[in-house]
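The values are calculated or read from the model by the stated rules, or taken from the named source; none is laboratory data. This one's a predicted model, so the numbers in the text were calculated from it and none came from an experiment. All Cβ positions, even for glycine, are placed from backbone atoms using ideal geometry, and neighbour counts span all protein chains on display.
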Amino acid sequence: MIAFLDYGAGNVRSVINGIESLGEKVKVVETAEDILSAERLVFPGVGAFGSMMQILNEKKYVEPLKSYLQSGRPFLGICLGLQALFEGSEEAPGVKGLGFIPGMVRRFDINLSVPHIGWNGLNFKQPSRIFAGVRGDEKFYFVHSYHVVPTDDGAVLTTTNYEREFVSSIQIGNIIATQFHPEKSGSAGLQILKNFLDTSVEQGRPVRDSKSTRLAKRIIACLDVRATDQGDLVVTKGDQYDVREKGAVRNLGKPVELARRYYQEGADEITFLNITGFRDFPLEDMPMLEVLRQTSENVFVPLTIGGGIRDYIDKKGREYRALEVASEYFRSGADKVSIGSDAVLIVEEYLQTGRKTGRSSIEEISRVYGNQAVVISIDPKRVYVQSTDAVRHQVIETAIPGPNGERYCWYQCTIKGGREGRDLDAVTLAQVCEQLGAGEILLNCIDRDGTNLGFDLELVNAVSDGVSIPVIASSGAGNAEHFYEVFTRTEAESALAAGIFHRREVPIGDVKNYLKDKVEVRL
Ligand code: 1PR
């Protein structure tokens, strides 16, 4: 039996699913006594350092945790579960951590995108039983803006490079903690979980040839989900957002089955977009939650869900906060939520008033779950203009002239699945969302969606030049070369496709094989 510390923030379901898939039973900690009597304890921290410590203090778990750690019984901390072991964090100045390891948690101070999101490698500094059966060249999933800085190196198990070398796991006797997420790192991650659970395994010392690790470019499979006119929840796919063919909603398969297929085929991440979420309230749309629950049972890569994340008043007049909607998604197995229409409205209000309200969905969700959990999904359309000062938006010069020979354009934000254009450009939207706490941009493009013409590189460059958070390029992928193009000619950290994967035109494996000697990918 594994004692499992769920303090109520973020996606802990996948850790439970990971442990259970290995044949172990999990008991969720409900009292301080459960910590004191645990024989093996897993602490998968998710969210923000300050709110985590506040909850641990409120639940009176801090002293029991300290005494558990002192006892030397097996402990596995994941992500914030690693950071919690330190004295404090720059994320929450003045808030004390558990102080089990001398040192602090610091924010990345680098030129690369922060958060550090994606699949990166490990430099092995000590042998450990959690590495039994690990080759050494595998990649593991990271998502964090802060990293631990121990006062001395004695406990350092691995490091990872992201502009600088940082500590990516520690071990002191039976106390092991990783910055990466084993439960989101496919079969290599499950091997680490398995080794932790089986205390009898021999030590492993994997070998790596190269001196530093590299973050992989991510290939993301996207599933646009909605109900057909008969009420079945299906994966659909539009051409420039029109998902109907001869009047009926295109049906490309069942969401859970397709997600499993993409996991098996090597997708680095899976995104579900509930594309009619803007008109249906997601908490009434239980099938979507069920899709997440079932998918996360055996898909061990990050899951993002979007659609309908906003404040809402139901038929009985009860008000729901976007945070509640997001929380329900996280509890059902999502690692990140993506916000589309609501982000546009929030930014419009911000530009009018010049003030952060602190109560927008972006701010509230990122405060509780961390910036990395909030993705902004942008649905822009190209609008041609004659000159840079023709509109008060961020205008770019384009190599693809407009119908009247225009050499300039801007990218108009839309809401409600592209149905309504707004007086706001995609670059400004992305910039304001970053300021409000978003951790990543999912950059669609209505003009390219479903066309197979390749990503709109000009759009991707305009937005990624404007922000310092990672950008996912989306819409238009038609072949493997398009991924190469977007990764070498823009700063996009990942690329997302739908149609070519659903129709089996270009399998994910072929994309990665094509990229493998040219661009860092996870194989
Ligand atoms: O506005 O917060 O409720 O979120 C709604 C979400 O649903 C948004 O993220 C929006 O992008 C999405 N959405 C709404 N309507 C559609 C539609 O297609 N009619 N889908 C839609 C967006 C676009 C991409 C697609 C890529 C790759 N889908 O995600 O997967 O363009 O396609 P391709 O590789 O086939 O070219 P809210």
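Only one of the numbered conditions (1) within 15 Å of the ligand (Cβ to nearest atom); (2) closer than 16 Å to THR271 by Cβ; (3) modelled with pLDDT under 95 is not met by SER338, and that is (3). For the range 126-178, a residue qualifies if it is in contact with a strand residue (DSSP E or B) (Cβ under 6 Å, 6 or more places away or on another chain) and aromatic (Phe, Trp, Tyr), and the qualifying residues are PHE131, TYR141, PHE142, TYR146, TYR162, PHE166.
When the criteria are applied in full, THR295 meets the requirement of being at pLDDT 95 or above, within 17 Å of ARG13 (Cβ to Cβ) and assigned to a helix (DSSP H, G or I). The set of residues in the range 477-500 that are surrounded by fewer than 24 Cβ atoms within 10 Å (Cβ to Cβ) and either touching a helix residue (DSSP H, G or I) at 6+ places or on another chain (Cβ under 8 Å) or on the phi > 0 side of the Ramachandran plot (or both) comprises GLY478, ASN479, ALA480, GLU481, TYR484, GLU485, PHE487, ARG489, THR490, GLU491.
Rundown of residues vs (1) closer than 20 Å to GLY418 by Cβ; (2) out of contact with any helix residue (DSSP H, G or I) (no Cβ under 8 Å at 6 or more places or on another chain); (3) at pLDDT 95 or above, yes/no style:
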{"position": "VAL347", "(1), (2), (3)": "yes, no, yes"}
{"position": "TYR350", "(1), (2), (3)": "no, no, yes"}
{"position": "THR353", "(1), (2), (3)": "no, yes, yes"}
{"position": "THR357", "(1), (2), (3)": "no, no, yes"}
{"position": "GLU363", "(1), (2), (3)": "no, no, yes"}
{"position": "ALA373", "(1), (2), (3)": "no, no, no"}
{"position": "ILE376", "(1), (2), (3)": "yes, no, yes"}
{"position": "ASP379", "(1), (2), (3)": "yes, yes, yes"}
{"position": "VAL383", "(1), (2), (3)": "yes, yes, yes"}
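Name, by its number, the condition in (1) more than 24 Å from the chain's Cα centre (by Cα); (2) over 26 Å from SER210 (Cβ atoms); (3) of a type in the set (Ser, Thr, Tyr) that does not hold for SER89. All conditions pass for SER89, except number (1). Looking across the range 84-102, the residues that are in contact with a Gly (Cβ under 7 Å, 6 or more places away or on another chain) and of a type outside the set (Ser, Thr, Tyr) come down to ALA84, LEU85, PHE86, GLU87, GLY88, GLU91, ALA92, VAL95, LYS96, GLY97.
Among GLY103, GLY99, GLY133, which is among the small types (Gly, Ala, Ser), modelled with pLDDT under 95 and surrounded by fewer than 21 Cβ atoms within 10 Å (Cβ to Cβ)? Exactly one of GLY103, GLY99, GLY133 is among the small types (Gly, Ala, Ser), modelled with pLDDT under 95 and surrounded by fewer than 21 Cβ atoms within 10 Å (Cβ to Cβ), namely GLY133. Going by what's in this entry, would THR304 be described as modelled with pLDDT of 95 or more, within 28 Å of ILE446 (Cβ to Cβ), within 12 Å of the ligand (Cβ to nearest atom) and touching a Leu at 6+ places or on another chain (Cβ under 9 Å)? In short, yes. Cβ-Cβ contacts under 9 Å between residues 6 or more apart (or on different chains), taken from a first residue in the range 457-486 that is of a type in the set (Asp, Glu) to a second residue that is within 13 Å of the ligand (Cβ to nearest atom), are listed as GLU481/GLY454; GLU485/GLY454; GLU485/PHE455. Name the pairs: first residue in the range 182-200 and buried (at least 19 other Cβ atoms within 10 Å of the Cβ), second residue of a type in the set (Lys, Arg), Cβ to Cβ under 6 Å, at least 6 apart or on different chains? Every condition considered, the pairs that remain are ASN195/ARG129. Name the single residue, out of those in the range 446-476 being surrounded by fewer than 21 Cβ atoms within 10 Å (Cβ to Cβ) and of a type in the set (Ser, Thr, Tyr), that is nearest to TYR408 (Cα to Cα). The qualifying residue nearest to TYR408 (Cα to Cα) is THR451.
ALA38 meets each of the listed conditions (1) over 28 Å from the mean Cα position of the chain (by Cα); (2) surrounded by fewer than 16 Cβ atoms within 10 Å (Cβ to Cβ) apart from (2).
Of GLY340, GLY306, GLY317, all but one fail to be surrounded by 23 or more Cβ atoms within 10 Å (Cβ to Cβ) and more than 13 Å from the chain's Cα centre (by Cα); the exception is GLY340.
Tallying residues that are under 17 Å from the mean Cα position of the chain (by Cα) and assigned to a strand (DSSP E or B) within the range 346-381 yields 5.
Anything in the range 307-330 that is touching a Gly at 6+ places or on another chain (Cβ under 6 Å) and either within 15 Å of the ligand (Cβ to nearest atom) or closer than 18 Å to LYS416 by Cα (or both)? List them, or say none.
Result: GLY307, GLY308.
Pairs linking a residue in the range 304-320 that is without any contact (Cβ under 8 Å) to a residue 60 or more places away in the chain and more than 30 Å from TYR262 (Cα to Cα) to a residue that is away from the ligand (no atom under 16 Å from the Cβ) and part of a loop (DSSP other than H, G, I, E, B), with Cβ atoms under 8 Å and 6 or more positions apart or on different chains, are TYR320/ASP314.
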